[in-house]
Amino acid sequence: MARSALFAARFVSSVFDHRKAPSDNRPAVAFAGRSNVGKSTLINCITEGKKIAKVSSTPGKTQSLNFFIIEDRFYFVDLPGYGFAKVPPEVKKTWGKLVEGYLTEDTHLRGLVLLIDCRREFQPDDLTLLKWVVDRQLPFVIAMTKSDKLSTSQLQRTVLEMNKKIFGAQSEESVIPFSAVTNRGKKEVVQWIRNLVG
Ligand code: GDP
C-alpha cells in the first residue's frame, strides 16, 4: 500500500496526568475538538482496521489522553473532548489542567489537528486550546468536519472566513474541509501528518 494511505495504529494507553505520557523519543500528533465534532470518526477514518478511537468515548476514558502508536514510529494523541453545556466546574478544571499541561509542556508533541464543525462558530474553548499551541509555535491544522452538511458555496465561504479569522489571510493548507461521509480532505489530513512527522 502507498505510503500516503491509511495509518497502521494500535491503542497503547490512557493517561490522566500529562506527565505520564509515553516518554520514549517518538514524536506525537494531537487531535482536539469539542465533543461530538467528529474526532473519533476522523481518527478511525485515517487509520486501518478496527475502529480504534472508540476507546475514547467509553465511560471513564473521556477525561484522559489516549495514545495510539502509529506504524511503530510516532503517536496519535486523542485529547479529551470539551464544550458540554453542563460540565461541573471541577471537570472543566481537570480538563484544562490535563490538556494545557500536555500541549504546553510535552516535548515530543510536534503538532495539532484541531477539529471544528463546519456549521459552528469558533468557541472560546477552541481558541484557548489553539493559543497554547500557537504560543509554543507548534504547527497546527484545522479540519472542518462534517463538510458534507454544507453546500459547495457555503463551505467555500466558511473556509475563507476561517482562514481569515485564524491566519489573517488565505492559506488553503491550514484549513482542510473534511468529511467521513465523502472522504473529502482525508488525503490532505494524512499528508499533513506525514509531512509533520517525516
Ligand atoms: P467525537 O465526540 O468528536 O469523537 O465525535 P464522533 O466521531 O463520535 O461523531 C459524532 C457524531 O457526528 C456521530 O453521530 C457521527 O456519525 C457524526 N459524524 C462524524 N463525522 C461526520 C461527517 O463527516 N459527516 C457527517 N454527516 N456526520 C459525521
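Is there a residue in region 182-189 that is more than 16 Å from the ligand (Cβ to nearest atom) and in a loop (DSSP other than H, G, I, E, B)?
No, region 182-189 contains no residue that is more than 16 Å from the ligand (Cβ to nearest atom) and in a loop (DSSP other than H, G, I, E, B).
With respect to being of a type in the set (Lys, Arg), modelled with pLDDT of 95 or more and either away from the ligand (no atom under 16 Å from the Cβ) or touching a Ser or Thr at 6+ places or on another chain (Cβ under 7 Å) (or both), Lys146 fits the description. Mind listing whichever residues of region 24-37 are out of contact with any helix residue (DSSP H, G or I) (no Cβ under 6 Å at 6 or more places or on another chain), within 11 Å of the ligand (Cβ to nearest atom) and open to solvent by less than 20 Å² (accessible area, probe 1.4 Å)? The one that is out of contact with any helix residue (DSSP H, G or I) (no Cβ under 6 Å at 6 or more places or on another chain), within 11 Å of the ligand (Cβ to nearest atom) and open to solvent by less than 20 Å² (accessible area, probe 1.4 Å): Val37. Among residues of region 58-109 being within 17 Å of Asn36 (Cα to Cα) and hydroxyl-bearing (Ser, Thr, Tyr), the one that is farthest from the chain's Cα centre (by Cα) is Thr58. Apart from one condition, Lys187 fits all of (1) within 20 Å of Gly38 (Cα to Cα); (2) loosely packed, with under 14 Cβ neighbours inside 10 Å; (3) touching a helix residue (DSSP H, G or I) at 6+ places or on another chain (Cβ under 7 Å); the exception is (3). Cβ separations smaller than 9 Å between residues 6+ apart or across chains give the following pairs from region 45-66 residues that are assigned to a strand (DSSP E or B) to residues that are modelled with pLDDT of 70 or more and within 9 Å of the ligand (Cβ to nearest atom): Thr47/Ala53; Leu65/Asp78; Asn66/Ala53; Asn66/Asp78.
For (1) among the charged types (D, E, K, R); (2) closer than 30 Å to Leu150 by Cα, each residue gets a yes or a no:
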{"residue": "Arg34", "(1), (2)": "yes, yes"}
{"residue": "Lys39", "(1), (2)": "yes, yes"}
{"residue": "Cys45", "(1), (2)": "no, yes"}
{"residue": "Phe67", "(1), (2)": "no, no"}
{"residue": "Gly81", "(1), (2)": "no, yes"}
{"residue": "Leu98", "(1), (2)": "no, no"}
{"residue": "His108", "(1), (2)": "no, no"}
{"residue": "Phe122", "(1), (2)": "no, yes"}
{"residue": "Leu127", "(1), (2)": "no, yes"}
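The values are calculated or read from the model by the stated rules, or taken from the named source; none is laboratory data. Please read all numbers here as calculations on a predicted model, not as lab measurements. All Cβ positions, glycine included, derive from the backbone under ideal geometry; neighbour counts span all protein chains shown. Please note that ligands, DNA and RNA were not included when accessible areas were found on the heavy atoms of the full protein model with its side chains. Shrake-Rupley method; radii C 1.70, N 1.55, O 1.52, S 1.80 Å.
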